[in-house]
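Asker: Before anything else, here's the structure in question.
The values are calculated or read from the model by the stated rules, or taken from the named source; none is laboratory data. Only a predicted model underlies this, so the values are computations on that prediction, with no experimental measurement involved. Cβ placement follows ideal geometry from the backbone for every residue including glycine, while neighbour counts extend to all protein chains displayed. Protein only, heavy atoms only, side chains kept; ligands, DNA and RNA dropped before computing areas. Shrake-Rupley method; radii C 1.70, N 1.55, O 1.52, S 1.80 Å.
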Amino acid sequence: MASTSETGHSKNVSNFDELVSFVVGYGTSYNPSKASLKLTALQTLSTNAKSELLAAKVAETARNNAANSREIAFKSLKKLSTRIINALDSTDATKQTVADAITVNHKIQGSRANTKKTVVDTQIESEPNVTPTIEHKQISVSQQSFDSLIDNFSKLIQIVSTETLYAPNEADLKATALNTLLSNLKTANALVVSTTTTYSNAILTRNNTFYQTSTGLIDIALDVKKYVKSVFGATSPQYKQISNIQFRKSKI
């Protein structure tokens, strides 16, 4: 389902085309001196607005698809990491190696024995001889961003890869399979980053065409209304045709 903002953009284009259609009907009586209000300029603006609106929608779909694919790629990471720990712990690897791996796994799982740490924030008052206030803040140490998950999974792979006693028979626990998964996770994450950038740029381009002051579709449409009003009069049938056509600036 289209978002309210996207519906608003589409409605602005539809209303602009309705306005242009009336302008065409005015024939030679519609003859503004301002270049951006001329019929050919209005038609070009309409074409550009539709193209950029579509480009933003396509870019959004690509970003959403990439995000969905990344979510699927990362879905089994926590369970797999725990299996790696159990496989390592079942060997004769040193307690220190197992402990290091467990520490990294806690970060992947988003939990620790103590998931929050307390820091002291000292606020210095501006007045002299005033005791500074001491505020204790709870700061999460969970590292659950996709970048952090990739980094910690890479560390876990490094630990088991350098442990000669880690030699599981299960194919998906072997170092080669883990490295392949790591590569896939990086690719999935990078695709979200690139498609998000493309989408963001498409939004900027669209919004510039629609909502830029003076040159955007909305302001041009309002100027067309003013011109028609000046030519035919505020009570004319021509102005009444277009006076109620609505144009709204979107927040997104």
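Asker: Using a Förster radius of 41 Å, what is the FRET efficiency between ASN184 and LYS11 based on their Cβ-Cβ separation? Nearest 0.05, please. Can you show the working numbers first?
Answerer: On the way: r = 41 Å, r/R0 = 1.01.
FRET efficiency, ASN184 to LYS11: 0.50.
Asker: Roughly speaking, what is the stretch gain from ALA171 to SER154, that is 0.36 nm per residue apart minus the C-alpha to C-alpha distance, in nm to one decimal?
Answerer: Values: separation 17, 0.36 × 17 = 6.12 nm, distance 1.79 nm.
So the chain would gain 4.3 nm between ALA171 and SER154.
Asker: Go through TYR239, TYR166 and list them by solvent-accessible area, largest first, probe radius 1.4 Å.
Answerer: Working: TYR239 45, TYR166 20 Å².
These residues rank, largest area first, as TYR239, TYR166.
Asker: While we're here: For the stretch 179-244 and the stretch 18-91, what is the centre-to-centre distance using only Cα atoms, to the nearest Å?
Answerer: Taking the Cα centre of the stretch 18-91 as reference, the centre of the stretch 179-244 is 11 Å away.
Asker: Still on this model: How much of the accessible area of the stretch 156-252, in percent, comes from carbon and sulfur atoms when a 1.4 Å probe is used?
Answerer: Values: 2960 of 5450 Å².
Looking at the stretch 156-252 in its full context, I get 54 percent from C and S.
Asker: Please work out the FRET efficiency for the pair TYR26 and THR205, using the Cβ-Cβ distance as r and a Förster radius of 35 Å; give the result to the nearest 0.05.
Answerer: Numbers: r = 31 Å, r/R0 = 0.88.
In this case the efficiency is close to 0.70.
Asker: Considering only protein heavy atoms, what is the solvent-accessible area of THR209 at a probe of 1.4 Å, reported in Å² to the nearest 10?
Answerer: Spelled out: THR209, probe radius 1.4 Å, area about 20 Å².
Asker: Heads up, I need the accessible area for LYS240: 1.4 angstrom probe, whole protein in place, Å², nearest 10.
Answerer: 130 Å²
Asker: Work out the FRET efficiency for ILE245 and SER145 from their Cβ-Cβ distance, taking R0 = 41 Å, and round it to the nearest 0.05.
Answerer: On the way: r = 46 Å, r/R0 = 1.12.
About 0.35, to the nearest 0.05.
Asker: For the stretch 1-89, give the percent of accessible area contributed by carbon and sulfur heavy atoms, probe 1.4 Å, rounded to a whole number. Mind dumping the intermediate values first?
Answerer: Working: 2710 of 4950 Å².
Here carbon and sulfur together make up 55 percent of the probe-accessible area.
Asker: Let me cross-check ASP151: its accessible surface, 1.4 Å probe, with only protein heavy atoms counted, in Å² to the nearest 10?
Answerer: Number for this one is 70 Å².
Asker: Another question, if that's okay. Using every pair of alpha-carbon atoms in the stretch 167-232, split the distances into 10 Å bins beginning at 0 and state the percent of pairs per bin, rounded to integers.
Answerer: Taking every Cα pair in the stretch 167-232, the percentages come to 18, 20, 16, 14, 12, 10, 7, 4, 1.
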